[in-house]
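First the structure, in the form of structure tokens, and then the observations on it.
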Amino acid sequence: MAKLRVNNEKLFILFFLFMILNIVFPDAIQAQKEGKIKTVVIDAGHGGKDPGAIGKKSKEKDITLKVAKKTGDYIKQHCPDVNVVYTRSSDVSVSLLRRAQIANEKNADLFISIHCNANASSQPAGVETFVMGEHRNAANLEVAKLENASILYEDNAEEDYGNFNLNSPEAYIMLNFFQSEYKNASLEFAEHIQNQLVKRVGRKDRGVQQAGFLVLYKTAMPSVLVEIGFLSNPSEENFLRSEEGQTYIASALFRAFRDYKNAYEKENVTDGSSYENINNDNNVDADKTVYKVQIESRSRKVDNASKHYKNLDNVDYYEHNGQYKYTAGKFYSKKDADEYCKKVKTLGYSSAFVVSFKNGKRL
């Protein structure tokens, strides 16, 4: 078991912050671009010498693996166009860092990490879905500590995580400087999962939450960590151990994936719908490919869009599937549009991406 040094000095915090800010993927991976969701990575929490939470009759690592495989089977059966990848398909140890690397290497469009919760008391119950972010309360921090404790079983923990101190609140604050550009999409996916688990399976709702998870902070796609129940609660442990319970949970995760996929593809897979240009300059651009940066989609038209998006250039919109899609910038070079897209993201539009038009239609 790796022994991690406890270090609360400011020098360590500054070093850790430097490490986080410099380990990024600006151009290496562009997961979940406009188009279809083609690959999902399903992560069964813990495994091998890391048992995870331990109930009276079960171990987290065994339940998460069974639920992960069932979820993957449902996706394969009902979404045959999707490639399902597992971070582990047997009882083996996989580091938190390696799990994220697998997702990145596969150019995954979604990452789902499945876990079971635990508490010193047998009373807490329910499901909650997390995205990478700042913990709002002590309970969220404790969940992150519990799941991040997997690094205690990793041989290269000091090298991989820069002496990350599991019990230092400052270390978790530093994690939040590495905010995923897919945070908004992650939150949307998390809402789908939580709704299915609560409304369709009848589990107690603990909400969509944010916290600093080492398994999420390096993933370059929308990513969630779902706690499917408490092994410390006898009733929930029995449910999670049962074939019926695992089937219900897996089917809920599948439905959440399917619903998110359908909504995403409806919005992003175009059908040649007409493009309505605010500036009416289509004649100038005839036969030319024009690149713009899509910033957001709205169900209602924005009054005075240029004023509403006052920090952006050349604001336009087009209509598709009953939505108003707002864009910024106007370029005749994809490279220039990509550069502007990076700038737009720094202004708070984290889900921005480049779209192209020709003869008044989006390509």
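Pairs of C-alpha atoms in segment 33-79 farther apart than 12 Å represent 67 percent of all such pairs.
Counting charges near Asp336 (Lys, Arg +1; Asp, Glu -1) among other residues having Cβ under 14 Å from its Cβ returns a value of +4. Between Ser251 and Asp160, the modelled label-to-label distance comes to 3.6 nm, taking each label 7 Å out from Cα in the direction of the beta carbon. Along the charge dipole of segment 191-230, pointing to its positive end and built from +1/-1 on Cβ of Lys, Arg, Asp and Glu, which listed residue (Leu214, Val198, Val224) has its Cα farthest out? Toward the positive end, the furthest listed residue is Val198.
The spacing between segment 193-210 and segment 320-344, judged by their C-alpha centroids, is 35 Å. The Kirkwood hydrodynamic radius of segment 176-246, based on inverse pair distances between different Cα atoms, is 13.6 Å.
For segment 284-354, the mean projected area of the C-alpha convex hull, equal to one quarter of the hull surface, is 5.1 nm². Packing, taken as the mean count of other beta carbons within 10 Å per residue, orders the peptides 37-47, 219-229, 96-106 from highest to lowest as 219-229, 37-47, 96-106.
Cut-off under 25 Å on the C-alpha distance; same-chain residues fewer than 8 positions from Lys310 excluded. Which lysines are left, in chain and number order? The qualifying lysines are Lys183, Lys292, Lys301, Lys325, Lys330, Lys334, Lys335, Lys342, Lys343, Lys345.
Counting 0.36 nm for each residue step from Lys57 to Asn238 and taking away their Cα separation leaves a gain of 64.3 nm. Taking Cβ atoms as reference points and 14 Å as the exclusive limit, the residues near Asp205 contribute a net charge of +1, counting Lys and Arg as +1 and Asp and Glu as -1.
Each value in this text was obtained by applying a stated rule to the coordinates, not by laboratory testing. Everything quoted here is computed from the prediction, not taken from an experiment. Cβ atoms come from the backbone with ideal geometry, glycine included; neighbour counts cover every protein chain shown.
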